[in-house]
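The block underneath contains the structure these notes are about, expressed in structure tokens.
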Amino acid sequence: MTTANTERGTDLVKRGLAEMLKGGVIMDVVNAEQAKIAEEAGAVSVMALERVPADIRATGGVARMADPAKVREIIDAVSIPVMAKSRIGHFVEAQVLQSLGVDYIDESEVLTPVDDNHIDKWNFTVPFVCGAKDLGEAVRRIGEGAAMIRTKGEPGTGNVVEAVKHMRLMNKQIRELAVMDENELMGAAKELRAPYHLLREIAETGKLPVVNFAAGGIATPADAALMMQLGCDGVFVGSGIFKSGDPSERARAIVEATTFYQDAAKVAKVSAGLGEAMVGINIDTLAPADRMQDRGL
Amino acid sequence: MKVGALALQGDFREHLAMLASLGVQGVEVRTPEELAAVDALIIPGGESTTIGKLADLYGLIDPIRRRVAEGMPILGTCAGMIFLASGTTGPDQPQLAVLDVVVERNAFGRQVESFEADLAIAGRDEPVHAVFIRAPWIHKTGAAVEVLASVVDPANGEDRPVVVRQGNILATSFHPELIGETWIHELLVEAVAAG
């Protein structure tokens, strides 16, 4: 018995990995030790980074792809899939990350963009996840080959308000699309500045053709459960875990709250006595230049 | 007939959709109480370490083992196969140890090596389409395990099982649920009907 017509890097294979991450938590880690803590806590994947978004925000300057030695160290430390971030438009960073064997690339607004154009993601075997604030951004990214979408939120703030805003807007726009007639769909394509054929598919199915996670500002188990109840397929937690008082306990609690997001008693139980959450930032106090969500539209 | 899908993490909704397409009632299972109410169980694709840890934490491992020992049909795909198995070639992780096989996780390599292909299955005239995503294969098989499909290990030319059956326990390395292929779910439903 054997296989025939073997194909790698297809839409199905790329989008399929994201399907397997659903209902799970993807955690930012900066070294092998944190990666092991995340895996032990039940993370479905880790995001290998040089610095978490809160530190990128604090340090300033140009934020780039992580050192390949660091990415390798993290890949070698865990059995779960490893993601890593490239700068928006920096297709060579993406080529490097693919050659290192990362399982997903996040073309991320958390790093400093290098181009108004995003990466042509169809050119890669490795799948990409991209951030979006609304349906237009999500569909443009899917049109460029993204196999998974996440809300942008406002990274490194510990404030979930922007992620909520982005998820609500996307849900609303999908609902509006679903009741449009043929004449209105092209108008929607014009307004959303998004490919017509994808909008038409979304209008028919009532959902994005790829998995959609929450990201940006999630800091507590209740934040994770909130995003799940709003219809996200899973959550990314960036600075929220390793910038908190007890990362291991908080990581485990967020994993449990993501599974039992409809069970308030369980969310209460895992939230009790967790120690200090990361210090948050009010979005209104951010200067326009510090709003990462406005990068890479 | 009521079939449960273990809904701790992973693509359990796709499995429930497969059941619905067969006209079978499917329910999400997260607790021992929910487990007690089903006639069969599906362990979905997902991350086997996450599913195993949550199953352990929420006291599901022993109740599932008891039900399987009493003959409850059970199906695992990908992570589900790993969770059913008695061991892995890597570090220890929580497993049900009801299927007498040792699995090798990520046997084909990392995500860039994930693939789709047509696969011949014993007892079926036509090959099935199969999507392997960071998939395991079976490294070692116990005597009671029937191999329904294998792939060839490029390293040594040996056959590595990817679909197996041990009585009412069914497992695949790949994801029939992602492409609407119901053949393995039909076998599960037949096992419930026969029981």
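The values are calculated or read from the model by the stated rules, or taken from the named source; none is laboratory data. Computed from a prediction, not measured in an experiment: that's the story for all the values here. Using ideal geometry, Cβ is built from the backbone for each residue, glycine included, and neighbour counts are taken over all protein chains shown. The protein model used for the area step is the full one, side chains on, heavy atoms only, and it has no ligands, DNA or RNA in it. Shrake-Rupley method; radii C 1.70, N 1.55, O 1.52, S 1.80 Å.
Miscellaneous remarks
- Estimated Rh, the stretch A:210-297: Kirkwood, alpha-carbon pairs, angstrom: 13.8 Å
- Using the 1.4 Å probe convention, the accessible area of chain B works out to 35 Å² per residue with neighbouring protein chains retained.
- Highest-fluctuation residue, B:70, B:181, B:34 considered, GNM on chain B with Cα pairs under 10 Å: B:70
- Computed about the Cα centre, the dipole magnitude for the stretch A:223-270 is approximately 100 debye when only Lys and Arg (+1) and Asp and Glu (-1) carry charge, each at its Cβ.
- At the residue level, residue B:187 shows approximately 40 square angstrom of accessible surface with a 1.4 angstrom probe and all protein chains present.
- Threshold 10 Å², the stretch B:10-31 residues less accessible with all protein chains present than alone (1.4 Å probe): B:10, B:11, B:13, B:14, B:30, B:31
- For the stretch A:50-96, a decrease in accessible area of 10 Å² or greater in the assembled protein chains relative to the isolated chain, with a 1.4 Å probe, applies to A:75, A:79, A:80, A:81.
- Accessible area buried at the A-B interface, both sides summed, 1.4 Å probe (Å², nearest 100): 3600 Å²
- Here the calculated FRET efficiency for residue B:62 and residue A:95, from their Cβ-Cβ distance with R0 = 45 Å, stands at 0.40, rounded to the nearest 0.05.
- Computed over protein heavy atoms with a 1.4 Å probe, the accessible surface of the stretch A:86-171 works out to 27 Å² per residue.
- Largest first and in whole Å, the equivalent-ellipsoid semi-axes of the stretch B:2-194 read 24, 19, 16, each the square root of five times a Cα gyration tensor eigenvalue.
- Phi-derived couplings, Karplus 6.51 cos²θ - 1.76 cosθ + 1.60 at θ = phi - 60°, listed residue by residue for the stretch B:65-75: 4, 4, 4, 5, 5, 7, x, 4, x, 9, 10 Hz, with x used for Gly and Pro.
- Of A:72, A:193, the order by accessible heavy-atom surface (1.4 Å probe, DNA, RNA and ligands excluded), from most exposed downward, is A:193, A:72.
- J(HN,Hα) series, the stretch B:181-192, from Karplus relation 6.51 cos²θ - 1.76 cosθ + 1.60, nearest Hz, glycine and proline x: 7, 9, 4, 6, 5, 4, 4, 5, 5, 4, 5, 5
- Selected from B:131, B:147, B:112 as most flexible by GNM, with chain B as the system and alpha-carbon contacts under 10 Å: B:112
- In the assembled protein chains, residue A:115 presents an accessible area of approximately 60 Å² (probe radius 1.4 Å).
- Charged side chains reduced to their Cβ positions (Lys and Arg at +1, Asp and Glu at -1) give the stretch B:2-194 a dipole of some 420 debye around its Cα centre.
- Of all DSSP beta bridges in the stretch A:103-261, antiparallel share, percent nearest 5: 0 percent
- Other protein chain Cβ atoms within 10 Å, averaged over every residue that makes up B:42-50: 6
- Computed [θ] at 222 nm, deg cm²/dmol, the protein assembly as shown (DSSP H ≥ 4; -39,500 (n - 2.57); rounded to nearest 500): -10500 deg cm²/dmol
- Global form of chain A, assessed from the alpha-carbon gyration tensor, a/c cut-off 1.5: rounded
- Inter-chain Cβ neighbour count for B:144-152, averaged per residue, equals 2 (cutoff 10 Å, partner chain atoms only).
- Measuring nothing but protein heavy atoms, the accessible surface of the stretch A:239-296 at 1.4 Å probe radius is 49 percent carbon and sulfur.
- Given +1 at the Cβ of Lys and Arg, -1 at the Cβ of Asp and Glu and no other charges, the dipole of the protein assembly as shown around its Cα centre is 740 debye to the nearest 20.
- Among beta bridges that DSSP assigns inside the stretch B:2-194, antiparallel share in %, nearest 5: 50 percent
- Percent carbon-and-sulfur accessible area, chain B, ignoring ligands, DNA and RNA, probe 1.4 Å: 47 percent
- Taking amide H atoms as placed 1.01 Å from N in the peptide plane, the amide H of residue B:175 lies under 5 Å from those of B:131, each 5 or more residues away in sequence or on another chain.
- Accessible area of the stretch A:181-224 belonging to carbon and sulfur atoms, whole % at 1.4 Å probe: 51 percent
- Site pair residue A:249 and residue A:179 shows an inter-label distance of 4.7 nm when each label is modelled 7 Å from Cα along Cα→Cβ.
- Charge-dipole axis of the stretch B:2-194 as Lys and Arg at +1 and Asp and Glu at -1 on Cβ define it, positive-most pick from B:122, B:109, B:183: B:109
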